[in-house]
Amino acid sequence: MKAAVIVFPASNCDRDLKVALTHSMGREPDMVWHGDSELPDTDLIAIPGGFSYGDYLRAGAMAANSPIMREVVKKAESGTPVLAICNGFQIATETGMLPGALLRNAGQKFVCRDVDLLITSQNERFVGGFEQGEVVRFPVAHHDGNFYADDDKLNELEAEGQVAFRYVTPDGEQTDEANPNGSRNNIAGIYNKVGNVLGLMPHPERLISDELGGTDGKRFFDHLVNSIV
Amino acid sequence: MTEITKDIVAEHGLTEDEYADVLSILGRTPNLTELGIFSVMWSEHCSYKSSKKWLKTLPTEAPWVICGPGENAGVIDIGDGQAAIFKMESHNHPSFIEPYQGAATGVGGIMRDVFTMGARPIANMNALRFGRPDHPKTGHLVSGVVAGIAGYGNCMGVPTVGGETNFHASYDGNILVNAMTVGLADTDNIFYSAAAGIGNPVVYVGSKTGRDGIHGATMASAEFDDDSEEKRPTVQVGDPFTEKLLLEACLELMATDAIVAIQDMGAAGLTSSSFEMADKGGVGIELNLDHVPMREEGMTPYEIMLSESQERMLMVLKPGREEEARKIFEKWELDFSVIGKVTDTGRMVLTMNGEIAADLPVAPLADAAPEYDRPWIKTPPPTILKGEDVPEPNDLGDVLLKLMGSSEIASRKWIWEQYDHMVMGDTIQRPGGDAAVVRVHGTKKALAITTDCTPRYCYADPEMGGAQAVAETWRNITATGGKPLAITDCMNFGNPQRPEIMGQFVGCINGMRRACTALDYPVISGNVSLYNETNGTGIYPTPAIGGVGLLADYSKMTTLAFKSEGDVVMLLGDLTGELGQTIYLREIEGREDGAPPTVDLEKERKHGDYLREMIEKGLITAAHDISDGGLGVALAEMAIAGNVGAEILLDTALPSHAALFAENQACYVITVKPDNVEMVRGFALAEDIPLHIIGTIGHTDLKIDGVLTISVSRLKNVHANWLPDLMSRPGSE
């Protein structure tokens with residue numbers, strides 16, 4: 001399997017994503033510079049977290065207009081799986097690959113901590129390694145992770161099974177306390193309509209070994225790689 | 001041309017004697033640009049004129065030290081051809097005036113110091129001191145400083161893994177923001193600042209130069225008064241995005257062999273970077289200021305030389321390598337400009353618009369900076385307070401709850417949750433423990449990092465306090481299983497022209513020297529921040545110490561959390577029962593008197609070396625040193641971290657409040673599997689180490705027989721809630 005990680009100026013989780021993918025794939029992904037206009041042949045496109053273009057203007061807004069993103073959108077439309085994490089998720093909403101927007105956290109502060117997430121809908125490719133209804137743990141680290149969509153869009157996302165992850169308590173309850181950023185319906189991640197693009201605020205690449213505090217992220221990547229191969 | 005009057009000289013912070021030296025060095029009257037350059041180069045901040053005499057007495061060498069004080073940061077060997085490069089620096093004055101930008105640019109500056117030397121920063125720390133919690137400005141300052149540190153460090157993608165925060169009235173008018181960065185480099189690819197190679201190009205890279213921060217170094221060398229708010233324009237504005245690009249571009253260029261020397265433009269900007277590079281190399285430099293990338297039109301040589309615009313670097317390249325370097329910086333969309341060359345004249349010659357703007361001899365300006373032996377008086381020694389000297393409370397359970405929810409001991413989670421402490425994927429001990437631990441990427445090794453200082457101890461007895469600060473960092477690293485290797489220091493004090501303040505400085509240095517020597521733990525970098533005074537009132541003496549240690553195999557690392565029910569709890573070290581300067585005395589009796597706990601460096605060394613050996617043998621399941629709040633608080637912290645209780649039986653002749661809340665030095669609480677107890681005791685006996693069984697882990701309460709029983713969840717709540725409650729008060733945002 002081949003994967004490509006897109007690198008923008010001030011991406012900063014690109015190395016972490018490369019490490020996680022390398023562990024699971026047994027080979028390194030291609031690191032693709034934002035100024036390139038062509039993507040290598042790839043089975044997975046990953047857009048990492050960070051502060052592309054310093055979050056200036058609006059998180060993800062400038063990266064969404066970079067040359068490489070036109071290619072990413074095209075590949076996504078033709079069915080290539082896209083994994084967009086944190087700033088990647090923000091960029092994906094800015095390009096229109098995913099609906100909704102990520103607003104400033106309700107608490108107005110950057111928040112970095114482990115969160116519990118409910119696997120909300122079944123998407124074999126991305127979360128087939130988990131049980132539906134299982135609670136997994138990834139960390140969040142963001143200032144703008146407050147998912148917003150208007151009522152109609154929100155109902156559509158729920159009805160179409162496009163909600164991928166929700167912030168919950170360790171027991172799986174959807175409460176305000178479990179929601180780190182004020183996201184509507186505690187949404188932490190969503191799929192596009194077709195289900196080949198996943199955007200999520202939490203970072204599965206940060207919990208890939210016991211020393212780091214957990215292995216749910218490793219389970220996520222191992223399954224993703226297996227399902228694509 | 002501006003005439004240099006007495007008033008102008010005074011405005012530049014030069015004394016009459018210093019100005020007389022200027023005249024004799026030049027043999028003529030300086031122009032305004034030249035005067036400005038003297039002013040910043042001879043400021044306390046850049047010249048260390050009051051502190052140099054004493055700093056020189058600190059031990060700076062060990063077989064593993066590659067580079068001690070004097071460069072941008074210190075360097076130690078961590079084996080396998082790898083080096084750890086680190087330093088801590090203050091950004092106190094700007095952070096009080098403009099907390100967000102002051103703190104942010106402090107973080108930016110210290111990271112530049114580290115990556116200038118060829119290291120990729122892998123961890124940030126910060127040591128913060130604020131005024132009393134109920135001071136009207138405290139909430140606003142905490143909120144701004146923390147957001148500023150987060151805003152800069154998070155964008156850089158360098159984890160902020162820990163630090164410390166104190167609140168005390170002595171900081172009401174002068175907060176302290178000390179930022180530390182640790183980086184990783186290859187020992188054969190470390191970069192220094194000495195310019196060399198006559199004719200080699202001098203290159204400017206990074207952001208453009210603007211009018212911000214002019215005279216920041218001079219501001220940082222003076223006391224505050226009621227008009228200090230007006231100094232806001234001297235605070236720089238940070239751009240972490242540009243710094244992230246600068247980091248990547250510099251490291252990319254450093255992977256080639258094009259660089260001869262490199263220096264970041266920090267305090268005093270282009271002036272200090274160019275003079276330091278020339279002075280260290282024993283050469284001259286010619287700069288054409290027309291080629292300096294500028295943000296604004298009409299800037300004068302004076303403004304260009306004194307600007308403290310951020311995210312800039314000065315380099316000397318090998319001849320003919322300019323285009324290769326230019327390509328890298330253009331790829332990262334940064335300015336790149338050849339602004340001068342290295343000469344053999346020993347002079348700094350600046351030209352602009354075809355005219356000479358300044359022509360100064362380098363060595364006299366840099367080396368002949370004034371050095372003062374300021375008069376000082378020793379702080380009178382305080383009296384030791386024993387348990388019998390302090391009344392016993394009615395309910396020790398209430399006392400423990402009160403301490404856990406007090407300003408010094410309560411959880412700092414509200415702060416560190418705003419820092420990305422996991423990015424780079426190597427943080428294996430997150431904030432909240434004794435020391436943070438980050439892996440050396442791709443190896444079995446890890447670095448343990450901590451910052452510590454107990455200013456109330458330093459105020460009561462500077463020498464004991466200075467020794468204690470060093471010893472506490474050493475213990476905190478030891479408690480994770482790390483071998484402490486070296487420290488960086490950030491010396492924050494009041495006005496050195498007052499003999500009692502100078503006495504605090506001298507006392508702290510003397511204590512630090514004793515501890516560094518006894519623990520084989522040299523100082524490899526540091527910074528001095530004096531004049532932390534407002535309207536004549538100084539801060540508590542605060543020599544903040546940043547310690548770094550090495551774990552050869554991180555799978556052996558310990559944490560403070562109680563692990564399994566049934567593990568045996570042991571006390572390593574002796575309880576002395578001294579209550580002077582304790583949090584107990586302050587919170588319960590409302591007193592801040594007495595002597596700080598006695599530091600016995602021989603015991604520190606012996607107990608710590610023993611503990612590390614036991615950890616390396618895999619015999620220890622949890623370890624935590626005793627510090628603020630004593631044994632009682634240490635046990636509560638371990639229970640909270642592990643979310644499990646313990647039953648403790650104290651067999652001591654001391655009164656219970658003295659046994660539980662004395663802040664004994666050279667002491668740790670450790671836990672051991674029942675099967676290993678005899679082995680651990682055997683090793684202790686052989687080395688004559690005091691080690692006592694004091695209880696067992698289990699159940700949901702922390703129970704100290706005959707003294708107190710409190711549920712761990714209750715302890716957890718009071719510990720967790722104090723800071724969020726403080727910060728939710730109106731006016732805190």
Exercise for the section: For A:A159 paired with A:R104, estimate the spin-label separation in nm (one decimal), with each label point 7 Å from Cα along the Cα-to-Cβ line. Expected result: 3.4 nm
Completion exercise
Counted neighbours (other Cβ, 10 Å), sorted fewest up, put B:C67, B:C667 in the order B:C67, B:C667
Exercise for the section: In nm, give the distance between the simple-model label positions of B:N717 and B:E613, each being 7 Å from the Cα along the Cα-to-Cβ direction. Expected result: 4.6 nm
Exercise for the section: Taking chain B as the reference, fit the longest principal axis to its C-alpha atoms, fit the long axis of helix B:99-115 to the helix C-alpha atoms, and give the angle between the two in degrees, 0 to 90, nearest 10. Expected result: 80 degrees
Completion exercise
Classified through the alpha carbon gyration tensor (a ≥ b ≥ c as square roots of its eigenvalues; rounded if a/c is under 1.5, else prolate when a/b is larger than b/c, else oblate), chain B comes out prolate
Completion exercise
Residue-normalised 222 nm signal for chain B, counting each DSSP H run of n ≥ 4 as -39,500 (n - 2.57), nearest 500 deg cm²/dmol, is -10500 deg cm²/dmol
Practice task
Could you tell me what percent of the DSSP beta bridges with both partners in the protein assembly as shown are antiparallel, to the nearest 5?
Solution key: 75 percent
Problem - Over 31 Å between alpha carbons, listed pairs B:K445/B:K563; B:K386/B:K413; A:K218/B:K556; B:K413/B:K445; A:K2/B:K483 - result: B:K386/B:K413; A:K2/B:K483
Fill in the blank from the handout: Ranked from fewest to most other Cβ atoms within 10 Å of their own Cβ, A:S52, B:S50 fall in the order B:S50, A:S52
Problem - Once exposed loop GluC sites (Glu not before Pro) are cut out (DSSP; at most 14 other Cβ, 10 Å), longest piece of chain A - result: A:39-130
Practice task
Take B:R681, project a point 7 Å from its Cα along the Cβ direction, then tell me which residues of segment B:598-616 have their backbone nitrogen under 12 Å from it.
Solution key: none
Fill in the blank from the handout: Computed from the beta carbon distance with a Förster radius of 56 Å, FRET efficiency for A:T169 and B:E11 to the nearest 0.05 stands at 0.35
Problem - Over segment B:575-733, relative contact order from alpha-carbon pairs under 8 Å, at least 6 apart, % - result: 29 percent
Handout entry: For chain B: relative contact order, % (alpha-carbon pairs under 8 angstrom, 6 or more apart)
Key = 16 percent
Practice task
Report the calculated FRET efficiency for B:T345 and B:E371 (r = Cβ-Cβ distance, R0 = 35 Å), to the nearest 0.05.
Solution key: 0.85
Handout entry: Alpha-carbon centroid distance for the pair segment B:29-77 / segment B:308-335, whole angstrom
Key = 26 Å
Handout entry: Sequence of B:I501, B:I259 once ranked by neighbouring C-beta atoms within 10 Å, starting from the fewest
Key = B:I259, B:I501
Exercise for the section: Report the trypsin sites (Lys or Arg not before Pro) located in segment B:1-68 that are in a DSSP loop and have at most 15 other Cβ atoms inside 10 Å of their Cβ, or state none. Expected result: B:R28, B:K56
Fill in the blank from the handout: segment B:258-279 and segment B:395-471 have their Cα centres apart by a whole-number Å value of 34 Å
Handout entry: Share, in percent, of DSSP beta bridges within chain B that are antiparallel, nearest 5
Key = 80 percent
Fill in the blank from the handout: Between B:A363 and B:L23, the two model label points (7 Å from Cα along the beta-carbon direction) sit apart by a distance in nm of 2.5 nm
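Read-outs: derived from the displayed coordinates by stated rules, not from any lab. These figures come from a predicted structure and were not determined experimentally. Cβ atoms come from the backbone with ideal geometry, glycine included; neighbour counts cover every protein chain shown.
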